[in-house]
Number of protein chains: 2
Amino acid sequence: MLTIALDAMGGDRAPGMVLGAIEIALRTHKDVRFLLFGDEALVSPVLDLMPARVREAIEFIPTQEVIGPDVKPSAAVRGYRQSSMYLAIRSVVDGKADGVVSAGNTGAYMALSMLNFRTVADIARPAIATLIPTMKGASVMLDLGANVSCDGQNLVQFAVMGSVFAKLTLGIQNPSIGLLNIGSEDVKGHEVIKEAARILKQADHLNFVGFVEGDDIAKGTVHVVVADGFTGNVALKTAEGVARMFATFVRDAFQTSWLSKIGYLLAKGPFEKVKKRLDPRMHDGAIFIGLKHVAIKSHGGTDAVGFANAIGVSINTLKSQVNTLIVDELSQVVQDVPSAEVNPS
Amino acid sequence: MLTIALDAMGGDRAPGMVLGAIEIALRTHKDVRFLLFGDEALVSPVLDLMPARVREAIEFIPTQEVIGPDVKPSAAVRGYRQSSMYLAIRSVVDGKADGVVSAGNTGAYMALSMLNFRTVADIARPAIATLIPTMKGASVMLDLGANVSCDGQNLVQFAVMGSVFAKLTLGIQNPSIGLLNIGSEDVKGHEVIKEAARILKQADHLNFVGFVEGDDIAKGTVHVVVADGFTGNVALKTAEGVARMFATFVRDAFQTSWLSKIGYLLAKGPFEKVKKRLDPRMHDGAIFIGLKHVAIKSHGGTDAVGFANAIGVSINTLKSQVNTLIVDELSQVVQDVPSAEVNPS
C-alpha cells in the first residue's frame, strides 16, 4: 500500500484539478492512498462533492500557506513552513508518505525538495527528467528547468543521471547520450557545453555520442538528451506547443467537409491513438533526479488528466524502485567519471 | 529583373539540391536569374543535365574553395577568399547580384555577411529571423543561431528588429513582443533576460508584453518571439522535429487498416494542406536581419524544395523591399530605445 503526498494548491487549476486527478488515478491504482495538503476553505467544498471511494482514499491535512508562482526559491526555503508544498514534502521525510507530487512553483519545489530530501552523494545539483515520445519510442530528457545556468560538471552529472534513468526506465543496457547544441560539429555552441563534451568523451563507461540538435529530440537520435535547465525547459515546452497545434490543425482539417468528416470516422481509431501518444498530458510527471526521495513535478498549467498521469509516474517510480536504484547506481557511477581529475578551465 | 547569388556548395545535399531548387524556383519566379558559385567538377555534370530554360537562367562561376561545416567563423573571415560562399556574398557588394542564399556553415555565413554587408547603424549584432507558423497564423522568431551568447542589449536590439520585421512582413502596426523564458513571472530566467526585460519595459514605442514560454511559440501568443541564438535555434529545430514526427505518425495511422486508408482518401485534401502548412521546408529561408544587404540562410539539411523556398524568401524580401525598409526604420527606432541611457549592470 503506497501513500502519495499531494500539494493541492500547486498549478493554475488547483485545487479542483488535483481532486479530479485523484479520482482518475484511483481507477488504475486502487491500492494507493493520498495525503492531501491544502487550504481548507478551497479544498473541503470540492472534497465533499467527491464519491465516497475517492474520499476514503484521501487523508486531508489543512494547511495555512500557499507558495505562489512568484515566490523565489530563496524565499521559499526561508519561510512558508505552513505551506501545502512544504508540508507535503515533509510528510515524505517523516515517513508518512512514500513520495510527493506538486504542480506548483518549480523553483520553490526543487529548492525545498533538495533541502529536505538531500542529493545523492557527489551529485552537486539534481535535475528534472522525464520520458518524451520520439519516432523510435521514447527518450529521457533533462534538465527541464531546475538549473537555469549550469557549468560543464553539472551537464556531465546530468548525463550520468540520465543514463542511469534510461537504463532503468527504458531497459537499455548502455543508453546513448547526446548534448543538446546548435550544431553537431565540435566548434559549435558555448564554452560550457564544449567543456562537458570534453569530459564526457573521456568517460569510457558512458555511451556519449556527441552533440545533437533540436530536431534530434523527436527523431530519437539518442536515448538521453542532456541540456541545461533553461534550454531543456524551452525545448520541451516548444515541443508540447507544436504537438498541440498539430493535433488541433488535423482535427480542424477533418471538419472542413462532409467527405473529410466521414474520413475522420473511418480513421478515428488510429488517429486518436496518435493524438494520445503525443498528448503532452500523457507525459506529465517529471522526476527530480538525484534526490534520495521521490518528488514528481506536474505541469503548472496541467489539468486533472495530466496531474493524474504525474501521480501515476510517482506510483510507478516507487513500485519499480527506480529512484532507489538510481540512488545506488549513481553513488557508484559518479565516482567513475573523470570529472574530478579533468579541469579544463 | 532580379539576380540572386547562390552558394552551390552549402548544405548536406549540395550541390545537387541547389540546382534542383533553381528549377523549382523558376516555376514560380520566371523573371529571376542566378549567379551560381561552386566547384566545377561537382556542379557542371549536374548543370549539364538541367533543361535549357534552367541553364539559361544561370550564370555559373567556378570557385576553388568550400567552407565546410567545421570551419570556425574566425577562420572563415581570415581566409577562404576563393570559396563559393565568400564570392557569392561579394557579388552582392559588387552590384552583380541583388541578394545571396546559402545553406552552408551558419557561423561562417553570418560572419562573412556581417563583414561584407555591414550592419545597420547602431545595431551591434545582426540576428537570424524567420516567420514561423502558429495557431493564429504566423509570428517572427529571432535569433535563430547567429549569436550563441547575448547580453541584454543584444536581446533588446533583436526585439526592435523583430518588431520592424513583423510590421513589414505581417502587416501589423504595433507587433507584440515576448522574451522567450522558462516562466512568465518576473523572477524567472537568467540575468541577461531579466536585464533585457527591464530595458524593454521602458521602451514605450515597443509593444513588449513580457516573458513567454516555449509553448507560446506555437500558440502565437506574441507576434515576435525574442531569444538568444542558442535558445532560439534549439527551439526552432525542436519544433521542426515534432512537426515531422506528428506528420509521420498521422500518415502511418492512416495506413493501419483498410478503413483508415479509405478515411485518408476522403480527408486527404485538408490533411495534406495541414501537413504542407507545418512542413519545415515550407518555412525554410531565414533572413540575416540588421545587415544592409539581403542574405538568406537555408537549412543545412535542406532539400531542393526547402532551398527553393529560401530562394523565394530572398526574392520576396527584395521585391517588397523589406530589407531596405528595415534598414531605414531601424536607423530611427534603435535611437529611440532607452538602452543607451539605462545600464543596470
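No value in this document is a laboratory result; all are computed from the given coordinates. Note that the structure is a prediction, hence the values are computed from the model and not measured. Cβ atoms come from the backbone with ideal geometry, glycine included; neighbour counts cover every protein chain shown.
Semi-axes, largest first, in whole Å: what does sqrt of 5 times each Cα gyration tensor eigenvalue give for the range A:138-285?
Those come to 36, 16, 13 Å.
Explain nothing, just the number: dipole magnitude of the protein assembly as shown about its Cα centre with +1 on each Lys and Arg Cβ and -1 on each Asp and Glu Cβ, in debye rounded to the nearest 20.
On the way: 66 positive and 70 negative charges, 370 e Å.
Its charge dipole is roughly 1780 debye.
For the range B:1-117, calculate the relative contact order in percent as a whole number, restricting contacts to Cα pairs under 8 Å that are 6 or more residues apart. Intermediate results must be reported in sequence, preceding the final value.
Values: 208 pairs, mean separation 41.1, N = 117.
Once normalised by length, the contact order is 35 percent.
Ordered shortest first, which distances in nm separate the 7 Å Cα→C-beta label point of B:LYS136 from those of the other copies?
Distances to the matching label points in the other copies: 3.8 nm.
Could you line up A:LEU325, A:LEU236 from fewest to most neighbouring Cβ atoms inside 10 Å?
Ranked by crowding around the Cβ, least crowded first: A:LEU325, A:LEU236.
Farthest toward the dipole's positive end in the protein assembly as shown, which of A:GLY220, A:ASN116, A:HIS293, given Cβ charges of +1 (Lys, Arg) and -1 (Asp, Glu) about the Cα centre?
The residue sitting most towards the positive pole is A:GLY220.
Using the 10 angstrom Cβ neighbour count as an exposure proxy, how do A:ILE262, A:ILE128 rank, fewest first?
Ascending number of Cβ neighbours within 10 Å: A:ILE262, A:ILE128.
Please report, for B:LYS276, the nm distances (one decimal) from its label point, 7 Å out from Cα along the beta-carbon direction, to the equivalent points in the remaining copies, shortest first.
B:LYS276 label point versus its equivalents elsewhere: 3.3 nm.
Describe numerically, in nm with one decimal, the distance between label points set 7 Å from Cα along Cα→Cβ at B:THR324 and at A:LYS201.
Between B:THR324 and A:LYS201, the simple spin-label model gives 4.9 nm.
Can you compute the helix-only [θ] at 222 nm over chain A? Use -39500 (n - 2.57) per DSSP H run of at least 4 residues, normalise by all residues, nearest 500 deg cm²/dmol.
Helix contribution divided over all residues of chain A: -16000 deg cm²/dmol.
With N set to the residue count of the range B:1-117, report its C-alpha Rg divided by 2.2 N^0.38 Å to two decimal places.
On the way: Rg = 13.4 Å, N = 117, 2.2 N^0.38 = 13.4 Å.
Normalised Cα radius of gyration, the range B:1-117: 1.00.
Take the Cα radius of gyration of the protein assembly as shown and divide it by 2.2 N^0.38 Å, with N its residue count; two decimals is plenty.
Details: Rg = 26.4 Å, N = 690, 2.2 N^0.38 = 26.4 Å.
That ratio works out to 1.00.
With a point put 7 Å past each Cα toward its Cβ, work out how far A:THR28 is from B:GLU23 in nm, to one decimal.
It works out to 5.1 nm between the two label points.
Using a Cα-Cα cut-off of under 17 Å, which lysines could be cross-linked to A:LYS136, ignoring same-chain neighbours fewer than 8 residues away?
Within the straight-line cut-off, A:LYS136 pairs with A:LYS167, A:LYS219, A:LYS273, A:LYS275, A:LYS276.
What is the order of A:HIS29, A:HIS223, B:HIS205, fewest Cβ neighbours within 10 Å to most?
Final ranking by Cβ density, sparse to dense: B:HIS205, A:HIS29, A:HIS223.
How about the range A:67-103: which trypsin sites (Lys or Arg not before Pro) there are in a DSSP loop, with at most 16 other Cβ atoms within 10 Å of their Cβ?
Details: sites: A:ARG78, A:ARG81, A:ARG90, A:LYS96; in loops: A:ARG81, A:LYS96.
Answer in residue order: A:ARG81, A:LYS96.
Which distances, in nm and shortest first, link the A:ALA124 label point to the same label point in every other copy, taking 7 Å along Cα→Cβ?
Label-point distances to the other copies, shortest first: 2.7 nm.
At 0.36 nm per residue, and after removing the present C-alpha to C-alpha distance, how many nm does the segment from B:MET1 to B:LYS273 gain when stretched out fully? Intermediate results must be reported in sequence, preceding the final value.
Values: separation 272, 0.36 × 272 = 97.92 nm, distance 3.18 nm.
Separation in residues times 0.36 nm, less the Cα-Cα distance, equals 94.7 nm.
Diagonalise the Cα gyration tensor of chain B and give the resulting equivalent ellipsoid semi-axes, square root of 5 times each eigenvalue, largest first, whole Å.
Semi-axes (√(5λ), whole Å): 32, 28, 17.
Mean separation of Cα pairs under 8 Å and 6+ residues apart, divided by the residue count of chain B: what relative contact order is that in percent?
Dividing the mean separation by the residue count of chain B yields 22 percent.
In chain A, which helices (entire DSSP H runs) extend 15 Å or more along their own long axis, judged by Cα positions, while averaging at least -1.0 on the Kyte-Doolittle scale? Can you show the working numbers first?
Values: long enough: A:16-28 (19 Å, 1.29); A:106-117 (16 Å, 0.93); A:152-170 (26 Å, 0.97); A:191-202 (17 Å, -0.18); A:229-254 (38 Å, 0.45); A:258-278 (27 Å, -0.21); A:304-319 (22 Å, 1.01); A:322-336 (21 Å, 0.43).
Answer set is A:16-28, A:106-117, A:152-170, A:191-202, A:229-254, A:258-278, A:304-319, A:322-336.
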